[in-house]
Structures are given as C-alpha cells and as structure tokens.
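Contents: one structure, followed by commentary.
Just so it is clear, none of the values below were taken in a lab; they were calculated from the coordinates. Not measured: the values here are computed from a predicted model. We place every Cβ from the backbone using ideal geometry, glycine too, and count neighbours over all the protein chains shown.
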Amino acid sequence: MVENGGLIEKTVLLNKNNEAILVCDKCGMFHKIDESLYRLGDMKRILIECQKCQRRYSVLVNLRRHYRKGISLQGTYNIVEKAGGIGIAGGMARITIQDMSKSGLGFKTNGPARLMVGDVLKLNFRLDNAKRSSVEKNAIVRRVFNDIVGVEFTKHIDERDPDLAFYMS
Ligand SMILES: [Zn+2]
C-alpha cells in the first residue's frame, strides 16, 4: 500500500468468481469494481472513492495471476497480532483452505470466524502434493464474511517457498 497525494495505491486480484473487489482498509466496505473499467485496454489505474468513508484509492486490477480454487487443505491459524491492538492474541483454530493465489488465500473456519480485518495470523497447513509439504505462512486478514476469511500473505509466494511456488505453478 502506497500513499500518493491522498490516494492509496492498491493492486486488486480477481477472486474465484472473476470479480475485482476492493476492500476499504479504513472501514472494511466492499466495492465491486465495474468490469468495463479494467477489462478493456491495458493495465490502467482506476480511481475509486469509498462510498462509506470517502477514502480514495488508485486501483490496479491484475488480471494475470495464478489462482487455485476448489482446493481443500486442512490447517490451523494462530492470531499473532490483533488489529489495532484490541483483544487478545493467541488461540488456535482449525480451518479449511479453499483457494489460494501467490498473494493470499481463502479459508473457512469451524463456526463463525472471530477475526477482524487487520488481524495478523500465523497459518499452518499441509499441501496435498506428493510430499504433503508442511507450510507456515504469516498473513493479514483482508475480509471476513461469516465463516469465510480472505487473507493476504505478508510475504507473497516466491522461490523462497519452493514447495508452495511449485504447487502454484
Ligand atoms: Zn471506507
């Protein structure tokens, strides 16, 4: 996230429904970006103002990314740091990872997710590859809807995570 003359620069990836959703960092409001704004022409920035809090964003929609959907990986998370320091870190919960990209993943919790946008998590899970590789990644909660949570990795998947990078290739 980069501040640039009052505009927050963000890159948005498509979700599994091929939608570009901007989630406001300040208030958590969802904005579905009109497809006509990014489908035509080359990568260009789109100006979006949050309808709730009026924060302004300069958004780049990245159509070119690898995405795995329909996966089902068992894992856990621990809360490393609560958003805004409110509440207590710790506590382990079981999750099922349902989709993953190089920048993050989506999971389902058992019961309603007691998580907030901005919480920092440590995720542990196993891949369903031949080695059943064990993975540990830190991630920030970007969206929460009932028991469905979307997180962004603090370090996106690259060659430093060989098993994950191969899994996503
Ligand atoms: Zn907002």
So the FRET efficiency between ARG56 and LYS108, C-beta based with R0 = 35 Å and rounded to 0.05, is 0.60
Plugging the Cβ-Cβ distance of ARG39 and PHE145 into 1/(1 + (r/R0)^6) at R0 = 35 Å yields, to the nearest 0.05, a FRET efficiency of 0.90
Note on the chain: C-alpha Rg/Rh, Kirkwood Rh, two decimals, gives 0.97
Filtered hits (lysines, Cα-Cα < 24 Å from LYS10, offset >= 8 within chain) -> LYS26, LYS32, LYS44, LYS52, LYS69, LYS82, LYS102, LYS122, LYS137, LYS155
Ranked output for segments 135-144, 70-79 by mean other Cβ atoms within 10 Å, highest leading, reads 135-144, 70-79
Here the gain from full extension of ASN138 to GLU19, 0.36 nm per residue of separation minus their alpha-carbon distance, amounts to 40.3 nm
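Nearest 0.05, what FRET efficiency do ARG126 and LYS26 give at R0 = 41 Å with Cβ-Cβ as r? Numbers along the way, then the final one.
On the way: r = 36 Å, r/R0 = 0.87.
The formula returns an efficiency of 0.70 here.
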Summed over the other residues with a beta carbon less than 9 angstrom from that of LYS26, with K and R at +1 and D and E at -1, the charge totals +1
Of all DSSP beta bridges with both partners in the chain, the antiparallel percent, nearest 5, is 90 percent
